[in-house]
Amino acid sequence: MDNFMNVGMDAFNDAIANGMDPGAAAQAAGNAASAAASEAGFPPEMIETAMNAGMESFQANMEAGMPPGDCMEGAMNAGMDAGSEAFGDAMPDFDAIGLDAF
């Protein structure tokens with residue numbers, strides 16, 4: 001899951017560096033993370049739940065006056081948490097899978 005966070009944060013930081021508005025950069029980050037999750041085989045409903053939670057978090061934090069980078073970090077965490085909850089007990093144990101593969 002951390003990889004999706006990295007994908008999103010990298011997309012956000014690149015968009016900001018290229019002069020994009022923070023709201024549009026957050027949307028670009030969400031799209032990048034969503035595409036990565038989709039390519040990894042996560043269900044569309046889970047991805048949509050994560051994206052919605054992340055964008056709600058981003059907007060709330062921006063309205064509260066937080067810096068855009070902090071808002072994006074919070075949004076990524078909120079999205080990951082919501083996505084994990086949406087997956088429920090069916091969420092694979094990625095740590096165990098990674099250790100087995102190693």
Checklist line | Projected label distance in nm at D14 and A40, using a 7 Å step from Cα toward the beta-carbon | finding: 1.8
Note to self: Need one number: nm distance between label points at A24 and S84, each 7 Å from Cα along Cα→Cβ, rounded to one decimal.
What the structure shows: 3.3
Item checked: Length released on extending from N3 to M66, taking residue separation times 0.36 nm less the Cα-Cα span -> 20.2 nm
Check: Highest mean first, what order results for 16-23, 48-55 on Cβ atoms within 10 Å?
Finding: 48-55, 16-23
Note to self: Which of rounded, prolate or oblate describes the range 16-89 when judged by the alpha-carbon gyration tensor and an a/c cut-off of 1.5?
What the structure shows: oblate
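Since every read-out is calculated from the coordinates, none of them should be taken as a lab result. Note that this is a predicted model, so its numbers are computed, not measured. Neighbour counts are summed over all protein chains in view; Cβ atoms, including those assigned to glycine, are modelled from backbone coordinates with ideal geometry.
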